[in-house]
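Peer 1: I'd like to ask some things about the structure below.
The values are calculated or read from the model by the stated rules, or taken from the named source; none is laboratory data. Since we're looking at a predicted model, the values are computed, not measured. Quick reminder, even Gly has a Cβ in these numbers, built from the backbone with ideal geometry, and neighbours come from all protein chains shown. We work out accessible area using only protein heavy atoms, side chains counted, and drop any ligands, DNA or RNA first. Shrake-Rupley method; radii C 1.70, N 1.55, O 1.52, S 1.80 Å.
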Amino acid sequence: MTRQRGEVVVETRDLCMHFGGVRAVDQVDFSLFDKELRCLIGPNGAGKSTFFKCLTGQLTPTSGEVIIRGQPMTGAEPFEVASLGVGIKTQVPNVFDGLTAEENIWLAARRWHGDARSRSLTAETIERLKLGDIRRTLVGQLAHGQRQWVELGMVVAAEPWLVLLDEPAAGMTHEETYRTVELIEEINKTSALIVVEHDMQFIRMISRTVTLFHEGRILMQDTMEAISADPRAREVYLGHRA
Ligand SMILES: Nc1ncnc2c1ncn2[C@@H]1O[C@H](COP(=O)(O)OP(=O)(O)OP(=O)(O)O)[C@@H](O)[C@H]1O
């Protein structure tokens, strides 16, 4: 079961996001502990992305509460969530194609820090995520996976204590997915993470506590091994994916 570590840093209470009659997120009570790495999985339409967007401020929930490090953040704007020290990577690309990888990472650092600190953070991030071979390449010329890693670098350069990632391995090859897992493990040394992901190979490699959504609710929360062995979980999700 979930190994509880330290303080709860993200909490939702009775969170609901309804679109007309569609209960995309319905009465969700969720807790994330400091330094935890949590994956959110579920079949198409289960409510993962909607839940994610309620945390990031992209959507204002219909009812319920979002609490981040003790602060009530229900309905906050994305910049207010980011201001708490939360790094957010959505599915929408957020890079400048006409700038190099290094310049993109520097810009992300510069948003929060002075010039000197931004330069050192950029160098540290490139070293930490092993992006040295592409640092001077224009992002518009990079492969899909490499662009995603630059975006991860942009998130890391802001020194977040919490990182929220929506489908970081989407569209990646096996090798790119493997590298992305390594980068996420590296980021988890300094940040808690919530990762929405479809890719079973990715989830198994990450191998931590997984929250399984189904019809807007949390159906199960456990290791991937336990979820894989559960008949109900298999029926709603794994049966048509594993
Ligand atoms: N803006 C919206 N307006 C109306 N309905 C929406 C909207 N966004 C999501 N929904 C509906 O809410 C439900 C949950 O969708 P959501 O995208 O959160 O699921 P998901 O688990 O992220 O699915 P996927 O894995 O396919 O991305 C679905 O029925 C979807 O059609």
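Peer 1: State the number of residues belonging to region 183-242 that are within 15 Å of the chain's Cα centre (by Cα) and aromatic (Phe, Trp, Tyr).
Peer 2: Final tally of qualifying residues: 1.
Peer 1: Among the residues of region 152-171, write down those that are more than 16 Å from the ligand (Cβ to nearest atom) and farther than 16 Å from Ile194 by Cβ. So that I can check it myself, show each step before the final result.
Peer 2: Residues of region 152-171 that are more than 16 Å from the ligand (Cβ to nearest atom), as a first pass: 152-163.
Once the filter is applied, which keeps residues that are more than 16 Å from the ligand (Cβ to nearest atom) and farther than 16 Å from Ile194 by Cβ, region 152-171 yields Gly153, Met154, Ala157, Ala158, Glu159.
Peer 1: Within region 138-149, identify whether any single residue is of a type in the set (Phe, Trp, Tyr) and at pLDDT 95 or above, and answer yes or no.
Peer 2: First, pick out the residues of region 138-149 that are of a type in the set (Phe, Trp, Tyr): 149.
Subsequent filtering for residues that are at pLDDT 95 or above retains 149.
Yes, because at least one residue in region 138-149 is of a type in the set (Phe, Trp, Tyr) and at pLDDT 95 or above.
Residue-wise test of (1) over 30 Å from Glu235 (Cβ atoms); (2) assigned to a helix (DSSP H, G or I); (3) open to solvent by less than 50 Å² (accessible area, probe 1.4 Å).
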site: Arg38; (1), (2), (3): no, no, yes
site: Cys54; (1), (2), (3): no, yes, yes
site: Ala109; (1), (2), (3): yes, yes, yes
site: Ser118; (1), (2), (3): yes, yes, yes
site: Leu121; (1), (2), (3): yes, yes, yes
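Peer 1: Just checking, does region 57-65 include any residue being out of contact with any helix residue (DSSP H, G or I) (no Cβ under 8 Å at 6 or more places or on another chain), assigned to a helix (DSSP H, G or I) and within 13 Å of the ligand (Cβ to nearest atom)?
Peer 2: No, there is no match, as no residue in region 57-65 is out of contact with any helix residue (DSSP H, G or I) (no Cβ under 8 Å at 6 or more places or on another chain), assigned to a helix (DSSP H, G or I) and within 13 Å of the ligand (Cβ to nearest atom).
Peer 1: Quick check, is Arg135 of a type outside the set (Phe, Trp, Tyr), free of Cβ contacts under 8 Å to residues at least 12 places away in the same chain and outside the structural domain of Ala192 (by TED's automatic domain parsing)? Step through it out loud before you land on a result.
Peer 2: Values: of a type outside the set (Phe, Trp, Tyr): yes; free of Cβ contacts under 8 Å to residues at least 12 places away in the same chain: no; outside the structural domain of Ala192 (by TED's automatic domain parsing): yes.
So Arg135 fails the test.
Peer 1: Do we find that Gly98 is surrounded by fewer than 15 Cβ atoms within 10 Å (Cβ to Cβ), outside the structural domain of Leu37 (by TED's automatic domain parsing) and without any contact (Cβ under 8 Å) to a residue 40 or more places away in the chain in this structure? It would help to see each step written out before you state the result.
Peer 2: Details: surrounded by fewer than 15 Cβ atoms within 10 Å (Cβ to Cβ): yes; outside the structural domain of Leu37 (by TED's automatic domain parsing): yes; without any contact (Cβ under 8 Å) to a residue 40 or more places away in the chain: no.
Spelling it out, it is not the case that Gly98 is surrounded by fewer than 15 Cβ atoms within 10 Å (Cβ to Cβ), outside the structural domain of Leu37 (by TED's automatic domain parsing) and without any contact (Cβ under 8 Å) to a residue 40 or more places away in the chain.
Peer 1: Another question, if that's okay. Here are some residues: Gly20, Gly114, Gly47. Which one is within 16 Å of the ligand (Cβ to nearest atom) and farther than 25 Å from Asn188 by Cβ? It would help to see each step written out before you state the result.
Peer 2: Details: Gly114 fails: within 16 Å of the ligand (Cβ to nearest atom); Gly47 fails: farther than 25 Å from Asn188 by Cβ.
After ruling out the rest, the residue left standing is Gly20.
Peer 1: Any residue in region 5-21 that's closer than 19 Å to Ser49 by Cβ and open to solvent by 80 Å² or more (accessible area, probe 1.4 Å): show its pairings with residues that are in a loop (DSSP other than H, G, I, E, B) and among the β-branched types (Val, Ile, Thr) at Cβ separation under 9 Å, as long as the two are six or more apart or on different chains.
Peer 2: Matching pairs, first to second residue: Phe19/Thr62.
Peer 1: Please pick out the residue among Ala229, Ala169 that is open to solvent by 60 Å² or more (accessible area, probe 1.4 Å) and among the aliphatic types (A, V, I, L, M).
Peer 2: Working: Ala169 fails: open to solvent by 60 Å² or more (accessible area, probe 1.4 Å).
Within the list Ala229, Ala169, the selection yields Ala229.
Peer 1: If you go through region 66-81 one residue at a time, how many are in contact (Cβ under 8 Å) with a residue 24 or more places away in the chain and either outside the structural domain of Phe213 (by TED's automatic domain parsing) or not in a helix (DSSP H, G or I) (or both)? Step through it out loud before you land on a result.
Peer 2: Step one: filter region 66-81 for residues in contact (Cβ under 8 Å) with a residue 24 or more places away in the chain, giving 66-69, 81.
Of the ones still in play, those that are also either outside the structural domain of Phe213 (by TED's automatic domain parsing) or not in a helix (DSSP H, G or I) (or both) are 66-69.
Final tally of qualifying residues: 4.
Peer 1: Does region 28-36 contain any residue that is assigned to a loop (DSSP other than H, G, I, E, B), more than 17 Å from the chain's Cα centre (by Cα) and more than 15 Å from the ligand (Cβ to nearest atom)? Walk me through it before giving the result.
Peer 2: First, the residues of region 28-36 that are assigned to a loop (DSSP other than H, G, I, E, B): 34-36.
Imposing the further condition that a residue be more than 17 Å from the chain's Cα centre (by Cα) reduces the set to none.
No: region 28-36 contains no residue that is assigned to a loop (DSSP other than H, G, I, E, B), more than 17 Å from the chain's Cα centre (by Cα) and more than 15 Å from the ligand (Cβ to nearest atom).
Peer 1: Something else: Any residue at all in region 85-98 that's modelled with pLDDT of 95 or more, in contact with a Gly (Cβ under 8 Å, 6 or more places away or on another chain) and not in a loop (DSSP other than H, G, I, E, B)?
Peer 2: no
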